[in-house]
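The values are calculated or read from the model by the stated rules, or taken from the named source; none is laboratory data. It should be emphasised that the depicted structure is a prediction, and the values quoted were computed from it without experimental measurement. Neighbour counts are summed over all protein chains in view; Cβ atoms, including those assigned to glycine, are modelled from backbone coordinates with ideal geometry.
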Amino acid sequence: MDTLMAQIREGMARGRLPCVDCAATWYGPGRGQRCAVCDHRILGSELGVDCDMPDGTTLRLHARCYEVWHSLLAT
């Protein structure tokens, strides 16, 4: 988990990951897209999150990656 947190913090610092919360979130099975955090595919057997951003873009993340990213927004 420490590695994931460090990866997310680095992504936020470099502007690859947003530092603002989603406008809406949608949970469901993965569809093979790459996770915005870890860059691994979100498989159909995994829970994924579509995170609709205020600017109209959508982040796709593994549920665990989303949870850690979301927890770091408040810090």
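Observations on the structure shown:
- Scanning segment 32-51 turns up no residue that is in contact (Cβ under 8 Å) with a residue 40 or more places away in the chain, part of a strand (DSSP E or B) and under 16 Å from SER71 (Cα atoms).
- For segment 1-24, a residue qualifies if it is exposed (fewer than 15 other Cβ atoms within 10 Å of the Cβ) and more than 14 Å from SER71 (Cβ to Cβ), and the qualifying residues are THR3, GLU10, ALA13, ARG14, GLY15, ARG16, VAL20, ALA23, ALA24.
- Meets criteria (outside any helix (DSSP H, G or I), at pLDDT below 95 and not basic (Lys, Arg)) for THR25: no
- Filter pass, GLY30 being over 22 Å from ALA74 (Cβ atoms), of a type in the set (Gly, Ala, Ser) and surrounded by 12 or more Cβ atoms within 10 Å (Cβ to Cβ): yes
- ILE42 in contact with a helix residue (DSSP H, G or I) (Cβ under 6 Å, 6 or more places away or on another chain) and buried (at least 17 other Cβ atoms within 10 Å of the Cβ): no
- So TYR66, is it of a type in the set (Phe, Trp, Tyr) and either assigned to a strand (DSSP E or B) or without any contact (Cβ under 8 Å) to a residue 24 or more places away in the chain (or both): no
- Odd one out for ARG16 among (1) in contact with a helix residue (DSSP H, G or I) (Cβ under 9 Å, 6 or more places away or on another chain); (2) at pLDDT 95 or above; (3) not in a helix (DSSP H, G or I): (2)
- Checklist (1) under 19 Å from LEU4 (Cα atoms); (2) surrounded by 13 or more Cβ atoms within 10 Å (Cβ to Cβ) applied to THR58, failing item: (1)
- Screening MET1 with (1) out of contact with any Lys or Arg (no Cβ under 7 Å at 6 or more places or on another chain); (2) modelled with pLDDT of 95 or more; (3) not aromatic (Phe, Trp, Tyr) gives one miss only, at (2).
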